[in-house]
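Notes follow once the structure below has been shown.
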Amino acid sequence: MLDIKLIRNDPEAVKAAVARRGEDASSIDEVVELDSRVRAIGTERDDIRSEINRISKEVGSMHRDGRGDEAAALQEQSREMGEREKTLSDEADQLLAEIRTKLLYISNMPSPEAPDGLTEDDNIEVRVEGYDPASYADHQKKPHWEIGEELGILDVDRAVRMSGSMFAMYRGYGAQLLSALINYGLDRNRDAFEQIRPPTVVKTDTMIGTGHLPKFEDDAYHLERDDLWAIPTAEVPLTSMVAGEILDEADLPLRLMAHTSCYRREAGSAGRDTRGLLRVHEFDKVELYAFCTPDQAQDLHMEILERAENAIRDLGLAHRILDLACGDISGAGARTYDIEVFAPGADRWLEVSSVSWCTDYQARRANIRYRPEGEKGTQFVHSLNGSGLAVPRVWAGIVETHRQADGSIKIPEVLHRYMNGTTEIPSPA
């Protein structure tokens, strides 16, 4: 969440930043008004406490001097003031709860360097690699859902019968390719990132910590009986791994990675293309995550982006990097780069990774701090996250891009070690 001190001291700057996202900034004014009332109540409450303390000392003196009647009158006055103090404290607590609720719905302020614009059409293309539309042969222009059915490696129909629309089932070489991509995504980051296997269902507070709740509740799966949520990304439990803790600066940056299944209702996807693996409710992903100091954040952002891009490059997939406009950045992000792979069969760019710098927004929600060396106080950490490898669309890109004229699929060389010696998915008999 945003820093209440920043809102208090420079509300116009915060409103201008939030407006860059295309969001209503009126809630900032509401927070300022509530905060002003809390501080006024606090001043009155502190004055009352001081007066109660003064009276307490005077009552003690009166009792020592044998002035019991006068002391009793003052004690009654003190009791009434104590009731007023409690009323003020309760009112302040209620207002603070209102402030927190409003802050939970306010998105992070985008970085000043983030491009202006409100939609994906305003994203800036940073670079494109390996893409030449004239280079794709006809056999590469078949969509992966047709290829998958033809080769028996993707079974959408049976998945839909079992679970409903926007679910998929991998079979045979298709399932093997999925596992290979997961292990590939993990192994290439073991040099710097600690592997974690977190739970994939979490408490409400855990979802709140990353900003997925309460604002994006409609996109999440809720297990109402147990009040647990299926995670939309491993970013959620990884953020809360150290919630409420104070880290040592010497331990930063703290780099983590996790492979999990992820679940998204995609409530806003009605009318959008949901064929094959373009948009699914359940998918596997290797997530890269880091906590760091503010000074470390920018270099770490570029490191995670480079790692994610290199994984795609080594798979031989045409791709591009987008610098997301303010209105297209997730609620917790301040600066985000997307990696998109070109799928020649689907004839479209597919987002396969979002690499986001969330400044201290998530750390404030989850109360994660660090103690700078040589200082007594603490500061909030910065958090960063990125998809080291999101399986479904990368799988689709490989199947379409590396399809051969005879209908077989050539497996990228970097995956051979994970495919038990299989170098191609054979064409239909």
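Select from segment 275-318 the residues that are assigned to a strand (DSSP E or B) and in contact with a Lys or Arg (Cβ under 7 Å, 6 or more places away or on another chain) and write down the one among them that is surrounded by the most Cβ atoms within 10 Å (Cβ to Cβ).
Step by step, filter segment 275-318, then rank; the result is Leu288.
Let's see how each residue does on (1) in the same structural domain as His144 (by TED's automatic domain parsing); (2) part of a helix (DSSP H, G or I); (3) within 17 Å of the chain's Cα centre (by Cα); (4) modelled with pLDDT under 95:
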{"site": "Val355", "(1), (2), (3), (4)": "yes, no, yes, no"}
{"site": "Tyr370", "(1), (2), (3), (4)": "yes, no, no, no"}
{"site": "Gly386", "(1), (2), (3), (4)": "yes, no, yes, no"}
{"site": "Pro392", "(1), (2), (3), (4)": "yes, yes, no, no"}
{"site": "Trp395", "(1), (2), (3), (4)": "yes, yes, no, no"}
{"site": "Val414", "(1), (2), (3), (4)": "yes, yes, no, no"}
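Tell me which residues, restricted to segment 214-242, are more than 22 Å from Asn367 (Cβ to Cβ) and without any contact (Cβ under 8 Å) to a residue 40 or more places away in the chain.
Selection gives His222, Leu223, Glu224, Arg225, Asp226, Ala230.
Return a yes/no flag: does segment 89-97 have any residue that is out of contact with any Pro (no Cβ under 8 Å at 6 or more places or on another chain) and farther than 30 Å from Ile28 by Cβ.
No, there is no match, as no residue in segment 89-97 is out of contact with any Pro (no Cβ under 8 Å at 6 or more places or on another chain) and farther than 30 Å from Ile28 by Cβ.
Residue check, Asn189 against (1) assigned to a helix (DSSP H, G or I); (2) closer than 20 Å to Ser261 by Cα; (3) touching a residue at least 12 places away in the same chain (Cβ under 8 Å), all met but one. Which one?
So Asn189 meets the others, but not (1).
Which ones in segment 26-37 are in contact (Cβ under 8 Å) with a residue 40 or more places away in the chain and not charged (D, E, K, R)?
Across segment 26-37, the qualifying residues are Ser27, Ile28, Val31, Leu34.
Which residue pairs have Cβ atoms closer than 6 Å, lie 6 or more positions apart in sequence or on different chains, and pair a first residue in segment 38-51 that is within 15 Å of Ser78 (Cβ to Cβ) with a second residue that is in a helix (DSSP H, G or I) and at pLDDT 95 or above?
Arg45/Leu88
Under the condition of being among the acidic types (Asp, Glu) and assigned to a helix (DSSP H, G or I), which residue from segment 21-44 is nearest to Pro11 (Cα to Cα)?
Asp29
Whether any residue in segment 202-225 is within 28 Å of Ala175 (Cα to Cα), crowded, with 19+ Cβ neighbours inside 10 Å, assigned by TED's automatic domain parsing to the domain that holds Ser165 and out of contact with any strand residue (DSSP E or B) (no Cβ under 9 Å at 6 or more places or on another chain) is what I want to check.
no
Looking only at segment 121-139, filter to residues that are out of contact with any Pro (no Cβ under 8 Å at 6 or more places or on another chain) and among the hydroxyl-bearing types (Ser, Thr, Tyr); which one of those is surrounded by the fewest Cβ atoms within 10 Å (Cβ to Cβ)?
Ser135
Just need a number here: residues in segment 140-170 that are out of contact with any Phe, Trp or Tyr (no Cβ under 9 Å at 6 or more places or on another chain) and either surrounded by fewer than 16 Cβ atoms within 10 Å (Cβ to Cβ) or under 17 Å from Leu315 (Cβ atoms) (or both).
Counting residues in segment 140-170 that are out of contact with any Phe, Trp or Tyr (no Cβ under 9 Å at 6 or more places or on another chain) and either surrounded by fewer than 16 Cβ atoms within 10 Å (Cβ to Cβ) or under 17 Å from Leu315 (Cβ atoms) (or both) gives 13.
Taking the conditions exactly as written (touching a residue at least 40 places away in the same chain (Cβ under 8 Å) and part of a loop (DSSP other than H, G, I, E, B)), does Ser427 satisfy them or not?
yes
From Leu74, Leu118, Leu96, grab the single residue that is hydrophobic (A, V, I, L, M, F, W, C) and either exposed (fewer than 12 other Cβ atoms within 10 Å of the Cβ) or closer than 30 Å to Asp323 by Cα (or both).
Leu118
Please go through segment 215-230 and give me each residue that is of a type outside the set (D, E, K, R) and either touching a helix residue (DSSP H, G or I) at 6+ places or on another chain (Cβ under 6 Å) or in a strand (DSSP E or B) (or both), ordered by number.
Scanning segment 215-230 gives Tyr221, His222, Leu223, Leu228, Trp229, Ala230.
Take segment 305-343 and flag every residue that is small (Gly, Ala, Ser) and more than 19 Å from the chain's Cα centre (by Cα).
Ala311, Gly316, Ala318, Ala343
If I ask for residues that are farther than 22 Å from Glu83 by Cα, of a type in the set (D, E, K, R) and either assigned to a helix (DSSP H, G or I) or in contact with a helix residue (DSSP H, G or I) (Cβ under 8 Å, 6 or more places away or on another chain) (or both), which ones from segment 45-68 would you list?
Listed by number, the list holds a single entry, Arg64.
If I ask for residues that are within 15 Å of the chain's Cα centre (by Cα) and of a type outside the set (D, E, K, R), which ones from segment 357-367 would you list?
Trp357, Cys358, Thr359, Tyr361, Gln362, Ala363, Ala366
The values are calculated or read from the model by the stated rules, or taken from the named source; none is laboratory data. This one's a predicted model, so the numbers in the text were calculated from it and none came from an experiment. Ideal geometry is used to build each Cβ from the backbone, glycine not excepted, and the neighbour counts take in all protein chains shown.
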